Amino acid sequence: MMKRRWFLSEAFLLLVGTLLLSAGCYESSTVTVSPDDGADDTGAPDTGAPDTGDEPADTGKDPADTGKDPADTGDDPKDTGTEPDDTGPADTGTEPDDTGPADTGTEPDDTGPADTGTEPDDTDPVGTDDTDPVDTDDTDPLAVDGTPCGDGAECESGFCVDGVCCESSCDGDCAVCNEVGYEGACVPQAPDVVCRAASDHACDAPEVCDGFQLDCPSEDAFNDGASCDVDDAPCVASGTCTAPDTCAPVFEEDGETCAAAGGECFEDSTCQEGVCVVNYAGSEKECGNYDENNPCDAQNYCDGAGACTENYAGSDTVCRDAVGGCDIAEYCTGDSL
């Protein structure tokens, strides 16, 4: 029984000692805060030095705030913009609501001067999706073939032909890219469309498209058989077209007189294969003056080459008989009268 009473006394004393010790520790940890100490800080104990922004209750309104805390509102110039609600001039533009001058333009609502234009709402001149004239993606989409155009730069194909975007350069003289129903396709022109005008030559004719080829036919069209003017010539009756640039002469019939005889030893000239040929009188034709009363004269004849040959009586021809016994007959010389 005595042992039990001693044990209870010891336990009571131990409990009283523990309570007294706890009261002493609590009293020693109590600190009185001065009214002027840390006025701009609602956080943990403060020594009154400038806030560093490292406390959860910092509001970010203190000049020394660094903006590193989630509760910073970004109202201070020194905010670094690393939190969603920062809106200060040092914003880095990494959040949807940032509008500060240092925005990088990586978010849909960024409009700062440093925007890169990678988002739909960017309007900065350096943007790729912006509407600024410098923008490379601001222009309207390139037009498809068959769309009206004024320049190849407007077309996907790069070719603007006959006023529409064309699939190719469509260079042929008989090629067209705006044929009704085939706009944008390079097709042949309709038949009989003139693709080359006629030259000044009377025999040339304009070239026309055949309706199948893109190129104008080779220059072989002419007024075949048409009458044309040729240089005047004795044995040329007229001219006729035989090529685009050729007026061929049409000859008179062979034997047709083309010139009168040019002398007593000539006959009329006649046409031979388009040439007026001079005809000479034969050597049997008499010509020149023949004095039949002159015993030394003889009949002249043409030489067959247009000349009249003088002929004389031979030297054995008596030109004067002898008169009297003492006279003798005289004879022609054979080469004169």
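A few remarks follow.
- Given (1) surrounded by 13 or more Cβ atoms within 10 Å (Cβ to Cβ); (2) on the phi < 0 side of the Ramachandran plot; (3) over 60 Å from the mean Cα position of the chain (by Cα), index of the condition Gln272 fails: (3)
- Taking first residues from segment 153-182 that are over 22 Å from Arg196 (Cβ atoms) and partners that are surrounded by 15 or more Cβ atoms within 10 Å (Cβ to Cβ) and β-branched (Val, Ile, Thr), the Cβ contacts under 7 Å between residues at least 6 apart in sequence or on separate chains come to Val164/Thr147; Cys165/Thr147.
- If you filter segment 284-310 down to residues that are surrounded by 13 or more Cβ atoms within 10 Å (Cβ to Cβ), under 28 Å from Gly262 (Cα atoms) and of a type in the set (S, T, N, Q), you find that the one that is farthest from the chain's Cα centre (by Cα) is Asn300.
- From the list Thr309, Thr317, Thr333, Thr270, the lone residue that is of a type in the set (S, T, N, Q), under 30 Å from Ala226 (Cα atoms) and at pLDDT 90 or above is Thr270.
- Only one entry of Thr257, Thr270 meets the criterion of being touching an Asp or Glu at 6+ places or on another chain (Cβ under 6 Å), under 30 Å from Ala237 (Cα atoms) and of a type outside the set (Lys, Arg), and that entry is Thr257.
- For Cys195, the criteria (1) under 19 Å from Cys170 (Cα atoms); (2) in a loop (DSSP other than H, G, I, E, B) hold in every case but one, which is (2).
- Some residue of segment 206-218 being at pLDDT below 95 and more than 30 Å from Cys174 (Cβ to Cβ): no
- The residues listed here are Ala322, Ala261; of these, the one that is assigned to a loop (DSSP other than H, G, I, E, B), out of contact with any Cys (no Cβ under 8 Å at 6 or more places or on another chain), crowded, with 16+ Cβ neighbours inside 10 Å and of a type outside the set (Phe, Trp, Tyr) is Ala261.
- Scan of segment 139-155 for residues that are on the phi < 0 side of the Ramachandran plot and either in contact with an Asp or Glu (Cβ under 6 Å, 6 or more places away or on another chain) or exposed (fewer than 14 other Cβ atoms within 10 Å of the Cβ) (or both), ordered by number: Thr139, Asp140, Pro141, Leu142, Ala143, Val144, Asp145, Pro148, Gly150, Asp151, Ala153
The values are calculated or read from the model by the stated rules, or taken from the named source; none is laboratory data. Nothing here was measured: the structure is a model prediction, and the numbers come from that model. Every residue, glycine among them, receives a Cβ derived from its backbone with ideal geometry; neighbour counts consider all protein chains shown.
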